[in-house]
Amino acid sequence: MTKPRINVVFIGHVDHGKSTLVGRLMVELGIIHEKLLRQYQEEGKQMGKESFFLAWIMDKTPEERRRGVTIDVAWKELETRHRLITIVDAPGHRDFVKNMITGTSEADAAVLLIAADDGVMAQTKEHAILAKAFGISQLLVVINKMDLVNYSRDRYEKIVSDAKEFLIKVLKFPEENVTFIPVSAFKGENVTKKSSQMGWYDGPTFLDALDNLNPPKELPIDKPFRLIVDEVANISGVGTIVCGAVVYGRIKLGDKVVVMPSGVTGEIRSIEEWKKPIREASVGQEVGMSIRGVGRKDVRVGYVVGTPDSPPTVPIEFLAQVSIFDHPSGLHVGYQPTIHVHTARAPVLCSEILARIDPSTGNVIENNPDYIRNGEAGLVRMRLERIPIVMESQENYPRLSHFAIRDIGKTIGAGRCVKIIERRDIKVK
């Protein structure tokens, strides 16, 4: 039988070891050849970044290696005993949070890294908020760099306590879906094998916890096709290649598709997964497609590919359930933040606050309040007047309904579209 597929994003504060943990995992599973690893070690020494050589398995651009930080999202395929896993390595630096959102929007679960010496930091919290915003409910919280605190149980338990306070009490992640794991990615402790340095820990290794993540219960294969565009490339002799994650339905060679919000139609000419030609792609796969009739000017990151008979929705006005986590004054009528929906972003206008609600039950606490403040949730009417983007309702396409709200240089809240009120009239060409 085919193993269930799950997409897992690695998130967390800058320099807390996301790329290093992925690199260590690849090395210990024999996916990375020893010759290549020795090459990275030698190049790292020459650049004065010897401790970064494992991260270079994922961080491949000269800029990433020079600066020692992840900038772009990177994908790797991994097969464990029970799962086919697509690893999404997201940047941690606040300057590249928009790239991090791209990776998180396509994931089913998240690995949140916290360095044992630093503890819970600003980007730890923001990345957790974003994971929650995009509907992720499963978290592996990896307390990394345990070697820097002499594998201290007390330090580990202090960080677990701090993280639980925010993740479970504030963000309301289900406690049964949050697993804490101490590791040293650089030293290889408790990554794929039990660590002799942490005899006090009786939980799973990181690999075991990863292998036990629950894949999506129901793959929406029978729904109309939707692919979130996360990269567009021009290849000589081939043309425009549209890359992205299939989040609904399936597609095969020769099928007709439409790109929204441009409205341009075309025919699937080729499909590749991990540089291998395939004839059909379905939910959970990260693929590249050549579409006859679709040029570089017709598609960009943030667009969505669908079917002409059921094209992706481009709203002007929608009703959303919104939660505010971190804003000095809160959300009010006339407020204009930016929302991030899958890989798209656009300014939005808060035109009406219909109700303050209990986020756990949806019950109305107050009608027509003036504000939605920190820790509160509400039903809000919003308008997308300037930049057209694809968004769907929670009922029809939940993966395309979740959004993050950003302003003043940080993520201030999250929401989901519960109803499309007015659609933008885009002619399918």
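Each value in this text was obtained by applying a stated rule to the coordinates, not by laboratory testing. Predicted model only: the values in this text are computed from it and were never measured. Backbone-built Cβ (ideal geometry, glycine too); neighbour counts: all protein chains shown.
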Surrounding net charge for Leu349, when Lys and Arg each add one and Asp and Glu each subtract one, Cβ distance under 14 Å: -2
Cβ under 12 Å from Glu79's Cβ, Glu79 left aside: what net charge do those residues give with Lys, Arg +1 and Asp, Glu -1? +3
Among Ser351, Ser329, Ser282, residue whose mean-square fluctuation peaks in a GNM of the chain (springs only between Cα atoms under 10 Å): Ser329
Please work out the Cα center distance from region 190-255 to region 281-297, rounded to the nearest Å. 17
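For the chain, what is Rg from Cα atoms divided by 2.2 N^0.38 Å, rounded to two decimals?
So the chain has a normalised radius of gyration of 0.99.
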Can you check what the net charge comes to around Arg399, using other residues whose Cβ is under 9 Å from the Cβ of Arg399 (Lys, Arg +1; Asp, Glu -1)? -1
Skipping prolines and chain starts, which residues have an amide H placed within reach, meaning under 5 Å, of the one on Ile291, given they are 5 or more residues away or on another chain? Val242, Arg269
Within the chain: Cβ-based charge dipole about Cα centre, in debye rounded to nearest 20 (Lys, Arg +1; Asp, Glu -1): 900
Please give the direction-averaged projected area of the C-alpha convex hull for region 315-423, in square nanometres with one decimal. 6.2
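Among the listed pairs Lys223/Lys419; Lys194/Lys276; Lys256/Lys297; Lys217/Lys429; Lys164/Lys223, which are separated by more than 25 Å between their Cα atoms?
Lys194/Lys276; Lys217/Lys429; Lys164/Lys223
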Along the positive direction of the dipole of the chain (beta-carbon charges: Lys, Arg +1; Asp, Glu -1; about the Cα centre), which of Leu171, Gly30, Ala245 reaches farthest? Ala245
Projected onto the charge dipole of the chain (unit charges on the beta-carbon of Lys, Arg, Asp and Glu, signs +1, +1, -1, -1), the Cα from Val264, Gly378, Ala281 with the largest positive-side position is that of Val264
Please give the Cα centre distance for region 115-153 versus region 309-381, rounded to the nearest Å. 27
Using unit Cβ charges (K, R positive; D, E negative) and no other charged atoms, how large, in debye to the nearest 20, is the dipole of region 210-311 about its Cα centre? 300
In whole Hz, the Karplus estimates of ³J(HN,Hα) for region 262-273 (6.51, -1.76, 1.60; θ = phi - 60°; x where Gly or Pro) are 6, x, 7, 9, x, 10, 5, 9, 7, 9, 10, 10
Counting only chymotrypsin sites (Phe, Trp or Tyr not before Pro) that are in a DSSP loop and have at most 15 other C-beta atoms within 10 Å, tell me the longest site-free stretch of the chain. 1-199
